[in-house]
Amino acid sequence: MTKPSFDDLKDQVCVLTGGAGVIGSSIALGLASVGVKTAILDINEEMAVKVAADIESKTGTITKGYKANVLDKQSLEDVKVKINRELGTITLLINGAGGNSPKATTQIETIDKDNISELEKSFYGLEVEGFQWVFDLNFKGTLLPSMVFTKDMLTAGGGAVLNISSMNAYKPLTKIPAYSAAKASINNFTEWLSVHLAKVGIRVNAVAPGFFLTNQNRFLLVDEKTGNPTPRGQKIISNTPMGRYGEVEELQGTVLYLLSGVSKFVTGICIPVDGGYSAFGGV
Ligand code: NAD
């Protein structure tokens, strides 16, 4: 029996979408630390190239930034040609692009007798376009890269896909109905694709980050004027048994585990990395 290690990941080629973001760039650093050659794809080309160059100079592992739009299949097909030429055959995919929008976020948590006259701040004030945007980015933005980049894994005889879910996939959080439903669809799709690809050696799993303070949620969790936690931010901390936000580096171990052969009999699961949030009943 061989000793478990991440050595099998060395020199594999990984596509990481949304890789210039807060979570993506930390994951990319974790990948480089074990020798994975990563293609950081992002709609923000400048940031993708900068993040990749920083990681390559810190770790010495080949890491390259590319512009790509996860909502445009042709853009993904085009970048795949470049990645194949510059890095090689793709055997790992992390679908990291995702997020919420203020346009699909209610201003109030629940309707009650005090705010019933302000329905525009509730569910009734949301526009379908906000829902469409959030569903596109999270679901279609996982679907299309999965179609394009797992093709190499079919010919290579195997590979691993990792989707990024969220706590709200299990229980929806107040204010963010579109993001919650879209992330629930990611868990369901992870299971579906894992079954579809199991016999060709492609594993499909997900990680569900708990609460990490990032650009996407800062407006909900920190008071812009005072810098203090909002009541929602306080509620999150008190519902996280470990009593704090996560540090993005704390996702790296789970990501490497799910990509490497260490988890070779594991497919179709979603692992929460959440300081105990999903285990806690609130009392
Ligand atoms: P982020 O906004 O920092 O990063 C997202 C990246 O995706 C950005 O660099 C952005 O330019 C890129 N992107 C956006 N649209 C794109 C497109 N059409 N094509 C290609 N790239 C695009 O967000 P983050 O906080 O790092 O989140 C990363 C993932 O983790 C998301 O799926 C998010 O939903 C999920 N997540 C985050 C948290 C959290 O606490 N931050 C919690 C749970 C899940």
- Query: Ordered by packing density, taken as the mean number of other Cβ atoms within 10 Å over each peptide's residues, highest first, how do 127-133, 111-117, 89-95, 207-213 rank?
  - Reply: 89-95, 207-213, 127-133, 111-117
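Charges only on Cβ, +1 for Lys and Arg, -1 for Asp and Glu: so what's the dipole of the range 46-130 about the Cα centre, in debye to the nearest 20?
On the way: 11 positive and 14 negative charges, 129 e Å.
Here the size comes out at about 620 debye.
Ratio of alpha-carbon Rg to the 2.2 N^0.38 Å globular estimate for the chain, to two decimals, please.
That works out to 1.02 for the chain.
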- Note on the structure: Over the chain, the sum of -39500 (n - 2.57) across DSSP H runs of at least four, divided by residue number and rounded to 500 deg cm²/dmol, gives at 222 nm -11500 deg cm²/dmol
- Query: Given a 1.4 Å probe, how much area per residue of the chain is accessible, in Å²?
  - Reply: 50 Å²
- Per the Cauchy relation, a quarter of the hull surface: what is the mean projected area of the convex hull of the alpha carbons in the range 120-245, in nm²? 9.5 nm²
- Query: Of 159, 255, 222, which is farthest along the charge dipole of the chain in the positive direction, counting Lys and Arg as +1 and Asp and Glu as -1 at C-beta?
  - Reply: 159
- Message: If you take every DSSP beta bridge fully contained in the chain, what fraction is antiparallel? Give it as a percent rounded to 5.
- Response: 5 percent
- Item | Residue-count net charge about residue 19 - beta-carbon cut-off 14 Å; Lys, Arg +1, Asp, Glu -1 | -1
- Residue among 96, 88, 24 with the largest mean-square fluctuation in a Gaussian network model of the chain, springs linking Cα atoms under 10 Å: 88
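Computed FRET efficiency, Cβ-Cβ of residue 7 and residue 127, R0 45 Å: what is it to the nearest 0.05?
0.35
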- Computed FRET value (nearest 0.05) for residue 235 with residue 115, which takes r as the C-beta separation and R₀ as 25 Å: 0.85
- Any idea what the dipole of the chain comes to, in debye rounded to 20, about its Cα centre with Lys/Arg Cβ at +1 and Asp/Glu Cβ at -1? 560 debye
- Ranked by how many other beta carbons lie within 10 Å on average, peptides 74-85, 174-185, 10-21 from highest: 10-21, 174-185, 74-85
- Query: Of the accessible area of the chain, with the probe set at 1.4 angstrom, what percent is carbon plus sulfur?
  - Reply: 56 percent
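The values are calculated or read from the model by the stated rules, or taken from the named source; none is laboratory data. Keep in mind the model is a prediction, meaning the values are calculated, not measured. Ideal geometry is used to build each Cβ from the backbone, glycine not excepted, and the neighbour counts take in all protein chains shown. For the accessible areas, the whole protein counts, side chains as well, though only heavy atoms, and no ligand, DNA or RNA atoms are used. Shrake-Rupley method; radii C 1.70, N 1.55, O 1.52, S 1.80 Å.
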